[in-house]
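*Asks:* Take this structure, written in structure tokens, and hold onto it; I'll ask about it next.
The values are calculated or read from the model by the stated rules, or taken from the named source; none is laboratory data. Everything numeric here is computed off the predicted structure, so don't read it as measured data. A quick note on method: Cβ atoms are made from the backbone with ideal geometry, for glycine too, and the neighbour counts reach across all protein chains shown.
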Amino acid sequence: MSVLAEFSMTPLDKGESVSKYVARSLEIIADSGVPYKLGPMGTCLEGEWDAVLGVITKCYQRMSADCNRISVSIRIDARQGREGRLTGKIRKVQDTLGRELNT
């Protein structure tokens, strides 16, 4: 089952600036080989269920090593027989509009 999973993970006990914690998660994501797209409020991953959820789990395990309270939000779109949706869904909307959008 191929999935798109958008998630955000934020420590709640580390003050206002948490970019160093987010950066650690992005290292895990980039090293995983799972296709991803970083956004301003979360990261979207595309791949097989186990691979995608495995990456999110590794990010959680790394953050929980030194964070006592973590907010996690995950949205998943599971669809059989479809790949390339990480960019394809955006391209489809742009084609419908006949122009490029800020992405």
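*Asks:* What's the number of the condition Asp13 fails, among (1) touching a Lys or Arg at 6+ places or on another chain (Cβ under 8 Å); (2) farther than 16 Å from Val72 by Cα; (3) not aromatic (Phe, Trp, Tyr)?
*Replies:* (2)
*Asks:* Taking interchain pairs and intrachain pairs at least six residues apart, which have beta carbon atoms under 7 angstrom, with the first residue in segment 1-15 and free of Cβ contacts under 8 Å to residues at least 12 places away in the same chain and the second in a loop (DSSP other than H, G, I, E, B) and of a type outside the set (Phe, Trp, Tyr)?
*Replies:* From residues that are free of Cβ contacts under 8 Å to residues at least 12 places away in the same chain, there are no pairs.
*Asks:* Quick one: Gln61 ticks every box in (1) assigned to a helix (DSSP H, G or I); (2) loosely packed, with under 11 Cβ neighbours inside 10 Å; (3) at pLDDT below 95; (4) not β-branched (Val, Ile, Thr) except a single one, so which number is it?
*Replies:* Going through the list (1) assigned to a helix (DSSP H, G or I); (2) loosely packed, with under 11 Cβ neighbours inside 10 Å; (3) at pLDDT below 95; (4) not β-branched (Val, Ile, Thr), Gln61 breaks only (3).
*Asks:* Suppose we filter segment 16-38 for residues that are over 16 Å from Val72 (Cβ atoms) and not polar (S, T, N, Q); how many remain? Steps first, please.
*Replies:* Of the residues in segment 16-38, the ones over 16 Å from Val72 (Cβ atoms) are 16-17, 19-20, 23, 27, 30-38.
Filter once more, keeping what is not polar (S, T, N, Q): 16, 20, 23, 27, 30-31, 33-38.
Adding up the residues that qualify gives 12.
*Asks:* A follow-up question, please. How many residues are touching a residue at least 12 places away in the same chain (Cβ under 8 Å) and of a type in the set (Asp, Glu) if we restrict to segment 22-39? Give the derivation first.
*Replies:* Start the filter on segment 22-39 by keeping residues that are touching a residue at least 12 places away in the same chain (Cβ under 8 Å), which leaves 22, 24-26, 28-29, 32, 34-39.
Narrowing further to those that are of a type in the set (Asp, Glu): none.
Count: 0.
*Asks:* Output the number of the condition that Arg75 fails; it satisfies all remaining conditions of (1) under 13 Å from Met9 (Cα atoms); (2) in a helix (DSSP H, G or I).
*Replies:* (2)
*Asks:* Filter segment 23-56 for residues that are within 18 Å of Pro11 (Cβ to Cβ) and among the hydroxyl-bearing types (Ser, Thr, Tyr) and give the result.
*Replies:* Ser25, Thr43
*Asks:* Please state which of the following conditions Asp66 fails to meet, knowing it meets all the rest: (1) modelled with pLDDT of 90 or more; (2) within 30 Å of Glu16 (Cα to Cα); (3) under 16 Å from the mean Cα position of the chain (by Cα).
*Replies:* Only one criterion in (1) modelled with pLDDT of 90 or more; (2) within 30 Å of Glu16 (Cα to Cα); (3) under 16 Å from the mean Cα position of the chain (by Cα) is unmet by Asp66, namely (3).
*Asks:* So Cys59 fits all but one of (1) closer than 16 Å to Cys44 by Cα; (2) of a type outside the set (Asp, Glu); (3) in contact with a Leu (Cβ under 6 Å, 6 or more places away or on another chain); what number is the exception?
*Replies:* Among (1) closer than 16 Å to Cys44 by Cα; (2) of a type outside the set (Asp, Glu); (3) in contact with a Leu (Cβ under 6 Å, 6 or more places away or on another chain), Cys59 violates only (3).
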